[in-house]
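The values are calculated or read from the model by the stated rules, or taken from the named source; none is laboratory data. These numbers were taken from a predicted model, which means no experiment stands behind them. No Cβ is skipped: glycine too gets one built from the backbone with ideal geometry, and neighbour counts run over all protein chains shown. Heavy atoms of the whole protein, side chains included, go into the accessibility calculation; ligands, DNA and RNA do not. Shrake-Rupley method; radii C 1.70, N 1.55, O 1.52, S 1.80 Å.
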Amino acid sequence: MRIVVTGLGLITATGTNVAECWRSLVEGIEGVREITSFDTSKYKLKRACEVPRIEKPVPIATDPKIDSVGKLAYLAAQEAIADSGIFAREFYKPERIGLSVGTLGEVSLMEEALRRTGGDVPMAFDNNLINAFSLNLIIGALADQFGTFGSVSTHLNGCSSGTHAVAYGFDLIRDDVVDAMIIGGADTVAQIVFTNFHNLKNLAPEHCQPFDLNRKGLMLGGGAGFLILEREDLARKRGAKIYCEMNGYGWSCDGYHLTSPHPDGEGGARAMQNALDNSKLSYKDIDYVNPHGTGTLLNDSAETRAVKTIFRERAYDVPVSSTKSMIGHPMGAASAIESVIACLTVHHNIVPPTINLETPDPDCDLDYVPNQYRELPVRYAMNNSFSFGGNNVVIIFGKF
Amino acid sequence: MRRAFITGVGMISPLGEGREAFFNNLIEGRSAVREIEGFDTSSFNSHLGGEVRGFKPEIYMGRKMRGLNRTTRFLTAAMKLAVEDAGLSPEETSDSGVIVGTAFGNSAHAITYAQKLLKEGPDEMFPLDAMDMPSNSSVNFVSVFFAIKNFARTISAGFTSTHDALGNALQLIRTGRAKRIIVAGMEQLSPELFTIFNQRGLLARATEEAAEGARPFNKTRNGFVLSEGGYALTIEEDQLAGARGVKPLAEITGFANGFVGGSKLSSNQRLERLSSIINASLANAAARSSEIDLIYTSANGLRDPDLLECLGLQAVFQPEMPSICAIKSQMGEAYGASGAMQASVAALSLSIGKKPLLNPPASEDVDPACHSVLKTKNPLVESPQKVIINGLDLAGNFSCLILEKYK
């Protein structure tokens, strides 16, 4: 069974829909700005790729002061649904459409609720804290709003949450559990996450510089990315527009360290090879890699080694560009957003650049598409997500 | 199609640690539900919980678990017990996949971390405080502790989290995408969670009619009793288990799930959806409803969900209603871990050949609307062969697993 992508939805620091986000990515526009969703006066660093407030009401639990994860997820999913026309003419039975979402959870919503009580533990919490605490409520609200009755699940796997959600949905379709999936990831820039990376000295002060010799860390981001996956035969039958095909996925664990990747990128390389095997493709077929590319010292060098392991003599010829240089690292949403970007590279035959790449690092010597987008035929694009703890998922999208 | 066998179980539960203590206490009728000692409940109307007491994580992992929160400790210790029960070598364990199911995971830790941050400021926060705070940290810890090389994921689907994790494992093994998976679930009974469920009016409380308690299907039921713990099962492909020469505890033969909640469905539509999911799980297992000996219900003492499940079972199984087990009256509601808890009980019961207690309300106490379901004409056979495990979440997930005696 072949599985195709028929709808996309995107919200990042540089756009609130696919068209805006894609244009910004191609033009190399950076979304980093001063954080506004919480007070940064007591922090040395104050910047992130936050999504600017979206003044649009949504029919799910959120907070007047912040755009919650649920709100971003709803808006991006809604765009993908409208783009695909998946609900048109009631082609699919609601029980044959599933939902899966990757995220860290409603952390910002929880923080906002606690701010109202000065951080105390009251006997009765703010209602928003109740919504934030139940990790399952985001997906339940989406299923309720969209009227789907198929399998619903939330995936909590750090940076690879989104790709886990995509892989899970892909399996549900190919195993004939559902006909179509609404899949994505969403996250906001949460203060506790910012604090943790800040105090670990893992954040970039001004700009995110993946693969640059002077890279100083990651830049947190917010956003949401959603895809509609469908059985190819049914998508064609209903006359859907097809962006690309999802060919397969691969996964692995480093089983090595809680915060550091295996220095040789061994786990990442295994996930990439598993994805190629699962897709019945060779490394010679891949024309573009959207790497995890966080801008941290250890990730970028380990990932470079992993790419070299897999791509062998082609390692220096395959474009590898980190879009996190522009939109930051939206945590649990990152890999879903990058899946959408990988689909767009296949669809448009354009590869976005790695911006802020000024000084080459001898340990990172691949073609990172520095600072300027490139037009080239993209038959297959590979999307890497290598989470803390060595939790690796790789997805491959190809031309249909 | 490959078959998926349960080859080991491990648990840190309010009724004991490890399969023998847990299962013996369970079938002897001991209750996990007691007055909460871990935090002060005097200002609440509810005071009961299924607490794990006297847990010493160092017994299982030495000093490795210092600084970790209670959920990760439950998860790690339960996994260690399951791996030992299955007789897996370190290499075999490393080659396994891991699927963790949890409804709330480390949320209580995230709340206390955020409270400290908001009160004391970022300079007072130490990286170690956050080491086990993110929603994915528990699975990261176990994948490093057990040197997992295959894959590791966390699925959160409310009260059906581990039902869905087990269903996912079944599918991955059936299709040959994985050969051995450790499925585990864990939840923590925290004051934060207790406060939230209390605020939502979901906890059992004393009334003029009845004392506080876990009373599924009872006419006086008014909420559930929270429970905590960690439960893990090793699931292996038939050939792999055969090659190791182990005798499986049970086989997972069917699974189906879906969303039956939300504001758009009428009561009848929800019932129809729930029934169709039970039927889908039977079809997935190639089983007839008449073959089912026992149903481990999701019922926990909430008025509407218990009734919905009752009516759904009635629609599928009448007039040949199998025996109904309300295990949460004895164990409390282990929310995201409940599927793994129920599956552990079912696997042990199928393997040992001892039936669990059904825990039905006395006939005069049964909710009249549930009466037809509980009034089974066929008493539970001494050694059940084929069972169903239900999970129904407050947000609307419904999941249904089928386990069979190993043959």
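Descriptive notes on the structure:
- Among the candidates B:Arg63, B:Arg53, residue that is open to solvent by 20 Å² or more (accessible area, probe 1.4 Å) and farther than 30 Å from B:Asn150 by Cα: B:Arg53
- Of all residues making up region B:245-288, the number that are open to solvent by 60 Å² or more (accessible area, probe 1.4 Å), under 23 Å from B:Ile352 (Cα atoms) and in contact (Cβ under 8 Å) with a residue 24 or more places away in the chain: 1
- Of the candidates A:Ile29, A:Ile86, A:Ile130, the single residue that is touching a residue at least 12 places away in the same chain (Cβ under 8 Å), of a type in the set (Val, Ile, Thr), open to solvent by less than 20 Å² (accessible area, probe 1.4 Å) and not in a strand (DSSP E or B) is A:Ile86.
- Region A:264-300: number of residues that are in contact (Cβ under 8 Å) with a residue 40 or more places away in the chain, surrounded by fewer than 21 Cβ atoms within 10 Å (Cβ to Cβ) and within 24 Å of A:Cys208 (Cα to Cα): 2
- Sole residue being open to solvent by 30 Å² or more (accessible area, probe 1.4 Å) and of a type in the set (Ser, Thr, Tyr), chosen from B:Ser89, B:Ser13: B:Ser89
- Region B:143-156 - residue that is surrounded by 24 or more Cβ atoms within 10 Å (Cβ to Cβ) and not charged (D, E, K, R) and, of those, farthest from B:Phe104 (Cα to Cα): B:Ile148
- Residue list for region A:349-363, restricted to those being of a type in the set (Val, Ile, Thr) and surrounded by fewer than 21 Cβ atoms within 10 Å (Cβ to Cβ): A:Ile350, A:Thr359
- The set of residues from region B:173-196 being touching an Asp or Glu at 6+ places or on another chain (Cβ under 9 Å) and more than 9 Å from chain A (Cβ to nearest Cβ) comprises B:Ile173, B:Gly176, B:Ala178, B:Lys179, B:Arg180, B:Ile181, B:Met186, B:Glu187, B:Gln188, B:Leu189, B:Ser190.
- Criterion applied to B:Val144, B:Val139 was being without any contact (Cβ under 8 Å) to a residue 12 or more places away in the chain, under 22 Å from A:Gly389 (Cα atoms) and within 13 Å of chain A (Cβ to nearest Cβ), and the one residue passing it is B:Val144.
- Look at region A:204-223: where a residue is assigned by TED's automatic domain parsing to the domain that holds A:Lys44 and a partner is open to solvent by 10 Å² or more (accessible area, probe 1.4 Å) and outside any loop (DSSP other than H, G, I, E, B), sitting 6+ places away or on another chain with Cβ atoms under 6 Å, you get A:Leu213/A:Asp361; A:Gly217/A:Leu203.
- Those residues of region A:101-116 which are at the interface with another protein chain (Cβ under 9 Å from one of its Cβ atoms) and polar (S, T, N, Q), in sequence order: A:Thr103
- Where strands (runs of 3 or more DSSP E) sit wholly within region B:319-407, those with at least 3 residues that are within 14 Å of another protein chain (Cβ to nearest Cβ) and buried (at least 24 other Cβ atoms within 10 Å of the Cβ) occupy B:397-405.
- Check on A:Leu258, outside the structural domain of A:Ile11 (by TED's automatic domain parsing) and either assigned to a strand (DSSP E or B) or open to solvent by less than 20 Å² (accessible area, probe 1.4 Å) (or both): no
- Answer residue from region A:53-77, given it is under 25 Å from A:Glu30 (Cα atoms) and open to solvent by 60 Å² or more (accessible area, probe 1.4 Å) and is nearest to the chain's Cα centre (by Cα) among those: A:Arg53
- Any chance A:Leu129 is at the interface with chain B (Cβ under 9 Å from one of its Cβ atoms), modelled with pLDDT under 85 and touching an Asp or Glu at 6+ places or on another chain (Cβ under 8 Å): no
- You will find that of A:Leu376, A:Leu366, A:Leu344, the residue that is in contact with a Phe, Trp or Tyr (Cβ under 7 Å, 6 or more places away or on another chain), modelled with pLDDT of 95 or more and open to solvent by 10 Å² or more (accessible area, probe 1.4 Å) is A:Leu366 and no other.
- Where B:Phe197 falls short, out of the listed (1) touching a residue at least 24 places away in the same chain (Cβ under 8 Å); (2) outside any loop (DSSP other than H, G, I, E, B); (3) closer than 24 Å to B:Gly8 by Cα: (3)
- Matching residues in region A:198-216 - criterion: being under 19 Å from the mean Cα position of the chain (by Cα) and more than 18 Å from A:Ala302 (Cβ to Cβ): A:Leu203
- Pairing residues of region B:21-41 that are in contact (Cβ under 8 Å) with a residue 24 or more places away in the chain with residues that are assigned to a helix (DSSP H, G or I) and polar (S, T, N, Q), at Cβ distances under 6 Å and at least 6 apart in sequence or on separate chains, gives B:Ser31/B:Gln330.
- Residue satisfying all of: in region B:92-122; facing chain A (nearest Cβ under 8 Å) and of a type in the set (D, E, K, R); surrounded by the fewest Cβ atoms within 10 Å (Cβ to Cβ) among these: B:Lys119
- Under the condition of being closer than 11 Å to B:Lys264 by Cα and at the interface with chain B (Cβ under 7 Å from one of its Cβ atoms), the residues counted in region A:139-167 number 5.
- Residues in region A:379-400 that are of a type in the set (Phe, Trp, Tyr) and more than 14 Å from every other protein chain (Cβ to nearest Cβ) were compared, and the one that is surrounded by the most Cβ atoms within 10 Å (Cβ to Cβ) is A:Phe397.
- Only one entry of A:Gly140, A:Gly185, A:Gly147 meets the criterion of being crowded, with 24+ Cβ neighbours inside 10 Å and in contact (Cβ under 8 Å) with a residue 24 or more places away in the chain, and that entry is A:Gly185.
- Number of the exception - A:Asn299 against (1) polar (S, T, N, Q); (2) part of a strand (DSSP E or B); (3) within 20 Å of A:Ala48 (Cα to Cα): (2)
- Condition check for B:Thr71: of a type in the set (Val, Ile, Thr) and open to solvent by 10 Å² or more (accessible area, probe 1.4 Å): no
- Which numbered condition A:Pro330 misses (of (1) open to solvent by 10 Å² or more (accessible area, probe 1.4 Å); (2) in contact (Cβ under 8 Å) with a residue 40 or more places away in the chain): (1)
- Qualifying residue in region A:318-325 (condition: touching a Lys or Arg at 6+ places or on another chain (Cβ under 7 Å) and outside the structural domain of A:Leu104 (by TED's automatic domain parsing)): yes
- Residue match in region B:159-172 (condition: within 8 Å of chain A (Cβ to nearest Cβ), open to solvent by 40 Å² or more (accessible area, probe 1.4 Å) and either closer than 22 Å to B:Glu92 by Cβ or not hydroxyl-bearing (Ser, Thr, Tyr) (or both)): yes
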